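Chemist: What follows is a single structure, and I will ask about it in a moment.
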Amino acid sequence: MDFEAERARLIEHLSREIKDRRVLDVMARIPRERFMPEENRHLAYEDIPLPIGLEQTISQPFIIALMTEALELTGTEKVLEIGTGSGYQAAILAALARYVVTVERLPKLAKMASKVLDSLGYRNIVIHHSGETLGWPEAAPYEAILVTAAAPRVPPELISQLAIGGRMVIPVGSRYLQKLVKITRQKRKNRVENLCGCRFVSLIGKGAWEDE
Ligand code: SAH
């Protein structure tokens, strides 16, 4: 299978909606097939979410591009990602920001992601096993936070890990359908924008959903 050609075709498709050239250029370089199980690799460049094991998914490329674009990264930021999953989104963030802290609750996924990211040479990503508190307050504040699992509401403990002027993108809604929301933290009233409808796996833990 010609992954290079497939990847170029996907980027061409995404460029109809995604205008940030930096996001597209980074996605044009990262081998998405490496972040998924062998049996799904032939679908790596379809614009669909795919299973990565343990009932979790790697998000749809369009949604990944949209969320990344909304974070408005310039290369100087320390970014927090909740839900490492396959590690693909973390790789994109690491290419566009200074440093990425990513947390995952399932050790097996964290281990697989760590292996791929190491083999691809990423040195500015640290993966943590999620603890008691949502996110990773130890390294806060972050100029950008990306939540890649769906929450019932915007978790206040994540807002407090966001720098003033920082952007957070998070799917918020029911367990089965959400809105992708962008929050810009401001001194007084935070700015809130709805980006689109979406469907993510559930964020698990205190302040979110129970494990089923
Ligand atoms: N960003 C990932 C997609 C992740 S799917 C990628 O690029 O592949 C969502 C992930 O969030 C799952 O792996 C799930 O285990 C994890 N997750 C759910 N609740 C979490 C929590 N409270 N803290 C950290 N990770 C969580």
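Each reported figure results from applying straightforward, stated rules to the coordinates on display, with no laboratory input. Given the structure is predicted, the values throughout are model-derived calculations rather than measurements. Note that each Cβ is placed from the backbone with ideal geometry, even for glycine, and that neighbours are counted across all protein chains shown.
Chemist: If I filter the range 141-152 for residues that are out of contact with any Gly (no Cβ under 8 Å at 6 or more places or on another chain), part of a strand (DSSP E or B) and more than 16 Å from the ligand (Cβ to nearest atom), do I get at least one hit?
Modeler: no
Chemist: What's the number of the condition Gln161 fails, among (1) touching a helix residue (DSSP H, G or I) at 6+ places or on another chain (Cβ under 6 Å); (2) within 14 Å of the ligand (Cβ to nearest atom); (3) within 21 Å of Tyr88 (Cα to Cα)?
Modeler: Exception for Gln161: condition (3).
Chemist: Mind checking whether some residue in the range 56-71 is away from the ligand (no atom under 15 Å from the Cβ) and free of Cβ contacts under 8 Å to residues at least 40 places away in the same chain?
Modeler: Scanning the range 56-71 turns up no residue that is away from the ligand (no atom under 15 Å from the Cβ) and free of Cβ contacts under 8 Å to residues at least 40 places away in the same chain.
Chemist: Look at Arg185 and say whether it is surrounded by 14 or more Cβ atoms within 10 Å (Cβ to Cβ), charged (D, E, K, R) and over 21 Å from Gln89 (Cα atoms).
Modeler: It is true that Arg185 is surrounded by 14 or more Cβ atoms within 10 Å (Cβ to Cβ), charged (D, E, K, R) and over 21 Å from Gln89 (Cα atoms).
Chemist: Answer with yes or no whether Val103 is in contact with a His (Cβ under 7 Å, 6 or more places away or on another chain), among the aliphatic types (A, V, I, L, M) and within 14 Å of the ligand (Cβ to nearest atom).
Modeler: For Val103, the condition - in contact with a His (Cβ under 7 Å, 6 or more places away or on another chain), among the aliphatic types (A, V, I, L, M) and within 14 Å of the ligand (Cβ to nearest atom) - is met.
Chemist: Next up: Considering only the range 23-35, I want to know if a residue exists there that is touching a strand residue (DSSP E or B) at 6+ places or on another chain (Cβ under 7 Å) and buried (at least 23 other Cβ atoms within 10 Å of the Cβ).
Modeler: The answer is yes; a qualifying residue exists.
Chemist: Out of the residues in the range 77-133 that are of a type in the set (A, V, I, L, M, F, W, C) and assigned to a loop (DSSP other than H, G, I, E, B), which is surrounded by the fewest Cβ atoms within 10 Å (Cβ to Cβ)?
Modeler: Leu120
Chemist: Scan Leu177, Leu203, Leu162, Leu195 and give me the residue that is in contact with a Cys (Cβ under 9 Å, 6 or more places away or on another chain) and hydrophobic (A, V, I, L, M, F, W, C).
Modeler: Just a single option satisfies the conditions, and that option is Leu177.
Chemist: Here is a follow-up. Looking at the range 160-182 only, could you name the residues that are farther than 17 Å from Met67 by Cα and surrounded by 15 or more Cβ atoms within 10 Å (Cβ to Cβ)?
Modeler: Gln161, Ala163
Chemist: Take the residues of the range 118-139 that are touching a helix residue (DSSP H, G or I) at 6+ places or on another chain (Cβ under 6 Å) and of a type in the set (A, V, I, L, M, F, W, C): which is nearest to the ligand (Cβ to nearest atom)?
Modeler: Per the criteria, the residue is Leu134.
Chemist: Can you give me the number of residues within the range 133-176 that are free of Cβ contacts under 8 Å to residues at least 60 places away in the same chain, polar (S, T, N, Q) and under 20 Å from Gln60 (Cβ atoms)?
Modeler: The number of residues fulfilling the criteria is 1.
Chemist: Can you give me the number of residues within the range 22-40 that are within 19 Å of Leu96 (Cα to Cα) and either more than 18 Å from the chain's Cα centre (by Cα) or in contact (Cβ under 8 Å) with a residue 12 or more places away in the chain (or both)?
Modeler: Total satisfying the criteria: 11.
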